[in-house]
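Structure first, then comments.
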Amino acid sequence: MIKNFYLIGLLMMAGCTSTQKTTAENAAGGNPLDPTAYAATITEQELKDHLYTYASDEFEGRETGTEGQKKAVEYIRKNYIDLGIPAAKSDGNYFQEVPLEMAKLPKGSLNINGKTYNTGEDFITFNALEGTYNDVVYAGFGIEDDNYSDFQDLDVRGKLVLVKYGEPVKEDGTYIITGSEQPSSWSNMSEAPGKRLEVAKAKGAKALFYIDPDNYKRYEGYYRRMKRNDQGRISFKDDGKTPSLILISENMAKEILPEINELKSSVVRNTDISASIKSTNDTVDTENVVAFIKGSEKPDEYLVISSHLDHIGISGDGSINNGADDDGSGTVALLEIAEAFQLATKAGKRPKRSIVFLHVTGEEKGLLGSRYYTDFDPVFPLEQTVANLNIDMIGRIDPKREGDRNYVYLIGSDKLSSELHVLSEEVNNKYTNIELDYTYNDENDPNRFYYRSDHYNFAKNNIPIIFYFNGTHDDYHRPGDTPDKINYDLLTNRTKLVFFTAWAIANRSERVFVDKTSK
């Protein structure tokens, strides 16, 4: 929302004294502009006003593709129009359509060598598969990489492919792909199924049988929850070329290929398999909201600040999950950050680089909106995207955490750019003095939060990121996540931290240097 005219006037007059220099130059890599006046326009009251609307019952929990989510994107769009911040797309449309569909839970079975296996009981899948097949291709780990391939001399077009979790290791214990003691992303639990599915798709496979005990339990939980709530699985629209992903147990794998544990290389085995798994798909109408402020000196370099606009909607008993913290807090923070940058622009302090304000849909469905932006239709080139600052839950306090309440968890700041990490620390020390807690930045964090929000789709493309997060709490994904439980003083200070960091990145003389690579 627009600030009062008196404050705007003061900021406009401040913009006329462009020759002033501040010590912000030290923390911001050569930036001579003082951002404190614009950060002061980020207030508790305006964040609260936004959130009491955005996380109200009227928005019905903002589940992807629902009427409540449509109200959410319209609220965001109207705010950018009122602020005078243009759409990022060249056609003037703030909405980036994300082509999704909901597949109803499939029903049916697989018959393998005369034995019947039922979906949801013996294996887990969210995809249809029909037909009769005479053989199965065992492709080891299912990996295709510059340093290693399980598909050497294999033709899997139109066939069923069987692969297992993990990756090859040398005799000395180092991993072949990374050449170190650290595994690659092929061993990342969250990313592993998708990476293998993409390879299988490129090879023309019909279905991918995947053995991964840990992921089996995870997908089984999804399946049971969806069955209990009579829901389907939302994903990108099927182009007819993506193989069906079928998670199977080790026992079922041995039925397909009895000698699987002894095999050291890829093989083709004659196996009679008939599939009768059927599902119906419904189109899901949803969109990202993307606005931007064009840079003054480096307009073709882009800083993306993101938050997800969706939540989990209405529970089976009719309770509304308002999602005030998740991620209403990030959404309203992003609106306030955008307003602060726009006021600076009007005062003659336009950022050197372009700022992209990206509100993504489908985060709760698997980071779909951000993945569509990065993998399918980036509004601006990824190679010209200097960083992503992602805000997901910054309005509450983690009850498991001990110490000063004025904290925020920072995740990923040092994963790709040492320079970004140092900049982030210096900006915080100068302006906000929040305790930056790196607990969940640990590579061995069992929660694996680094892989669980929208920044990851940028990070996997070697774009430096910072993820701002307050941790989970008892109201996480429950109806109790309401605006009255937000700590608005903390939300304000954390929002200012993101703004100051964005200001420094956008106005420094050189883009932050990438000195590491995504694993």
Of the residues in the stretch 164-184, those that are among the hydroxyl-bearing types (Ser, Thr, Tyr), within 30 Å of residue 252 (Cα to Cα) and assigned to a loop (DSSP other than H, G, I, E, B) come to 165, 184
| message | free of Cβ contacts under 8 Å to residues at least 60 places away in the same chain, surrounded by fewer than 22 Cβ atoms within 10 Å (Cβ to Cβ) and farther than 26 Å from residue 85 by Cα: is that true of residue 264 in this structure? | response | yes
Residue 227 vs. criteria assigned to a helix (DSSP H, G or I) and free of Cβ contacts under 8 Å to residues at least 12 places away in the same chain: no
Scanning the stretch 80-115 residue by residue, those assigned to a strand (DSSP E or B), hydrophobic (A, V, I, L, M, F, W, C) and closer than 21 Å to residue 275 by Cα turn out to be 103, 110, 112
Filtering the stretch 385-408 down to residues that are in a loop (DSSP other than H, G, I, E, B), closer than 30 Å to residue 352 by Cα and hydrophobic (A, V, I, L, M, F, W, C) yields 393, 394
Flag if residue 318 is surrounded by fewer than 24 Cβ atoms within 10 Å (Cβ to Cβ), within 20 Å of residue 364 (Cβ to Cβ) and in the same structural domain as residue 71 (by TED's automatic domain parsing) = yes
How many residues of the stretch 326-358 are outside any helix (DSSP H, G or I), touching a residue at least 60 places away in the same chain (Cβ under 8 Å) and touching a Ser or Thr at 6+ places or on another chain (Cβ under 6 Å)? The answer is 2
| message | If I filter the stretch 2-13 for residues that are modelled with pLDDT under 95 and either in contact with an Asp or Glu (Cβ under 7 Å, 6 or more places away or on another chain) or buried (at least 19 other Cβ atoms within 10 Å of the Cβ) (or both), do I get at least one hit? | response | yes
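Residues checked against (1) hydroxyl-bearing (Ser, Thr, Tyr); (2) assigned to a loop (DSSP other than H, G, I, E, B); (3) over 17 Å from residue 418 (Cα atoms); (4) in the same structural domain as residue 368 (by TED's automatic domain parsing):
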residue: 443; (1), (2), (3), (4): no, yes, no, yes
residue: 446; (1), (2), (3), (4): no, yes, yes, yes
residue: 450; (1), (2), (3), (4): yes, no, no, yes
residue: 457; (1), (2), (3), (4): no, no, yes, yes
residue: 471; (1), (2), (3), (4): no, yes, yes, yes
residue: 477; (1), (2), (3), (4): no, yes, yes, yes
residue: 480; (1), (2), (3), (4): no, yes, yes, yes
residue: 484; (1), (2), (3), (4): no, no, yes, yes
residue: 489; (1), (2), (3), (4): no, no, yes, yes
Output yes when any residue across the stretch 134-146 is among the polar types (S, T, N, Q), more than 22 Å from residue 214 (Cβ to Cβ), modelled with pLDDT under 95 and not assigned by TED's automatic domain parsing to the domain that holds residue 370, and no when none is.
yes
So, first residue under 12 Å from residue 88 (Cα atoms) in the stretch 368-383, second residue hydroxyl-bearing (Ser, Thr, Tyr), Cβ within less than 8 Å, six or more apart or across chains; the pairs are 378/385; 379/373; 380/302; 380/354
Margin query: Whether any residue in the stretch 475-488 is surrounded by 21 or more Cβ atoms within 10 Å (Cβ to Cβ) and within 22 Å of the chain's Cα centre (by Cα) is what I want to check.
Written below: yes
Of the conditions (1) buried (at least 21 other Cβ atoms within 10 Å of the Cβ); (2) in contact with a Lys or Arg (Cβ under 9 Å, 6 or more places away or on another chain); (3) of a type outside the set (Val, Ile, Thr); (4) closer than 14 Å to residue 437 by Cα, the single one that residue 413 does not satisfy is (2)
Counting only residues in the stretch 155-177 that are touching a Ser or Thr at 6+ places or on another chain (Cβ under 7 Å) and surrounded by fewer than 18 Cβ atoms within 10 Å (Cβ to Cβ), the one nearest to residue 365 (Cα to Cα) is identified as 166
Being in contact with a strand residue (DSSP E or B) (Cβ under 9 Å, 6 or more places away or on another chain) and either farther than 16 Å from residue 101 by Cα or in a loop (DSSP other than H, G, I, E, B) (or both) narrows 282, 238 down to just 238
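Results for (1) over 17 Å from the mean Cα position of the chain (by Cα); (2) closer than 24 Å to residue 409 by Cβ; (3) surrounded by fewer than 24 Cβ atoms within 10 Å (Cβ to Cβ), shown as yes or no for each residue.
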| site | (1), (2), (3) |
| --- | --- |
| 335 | yes, yes, no |
| 340 | yes, yes, no |
| 352 | yes, no, yes |
| 359 | no, yes, no |
| 365 | no, yes, yes |
Of the residues in the stretch 437-455 that are of a type in the set (S, T, N, Q) and surrounded by 14 or more Cβ atoms within 10 Å (Cβ to Cβ), the one that is nearest to residue 386 (Cα to Cα) is 453
How many residues of the stretch 398-436 are under 22 Å from the mean Cα position of the chain (by Cα) and of a type in the set (A, V, I, L, M)? The answer is 6
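The values are calculated or read from the model by the stated rules, or taken from the named source; none is laboratory data. Here the structure is a predicted model, which means the values were calculated and not measured. For neighbour counting, all protein chains shown are included, and Cβ atoms are generated from backbone atoms with ideal geometry for every residue, glycine included.
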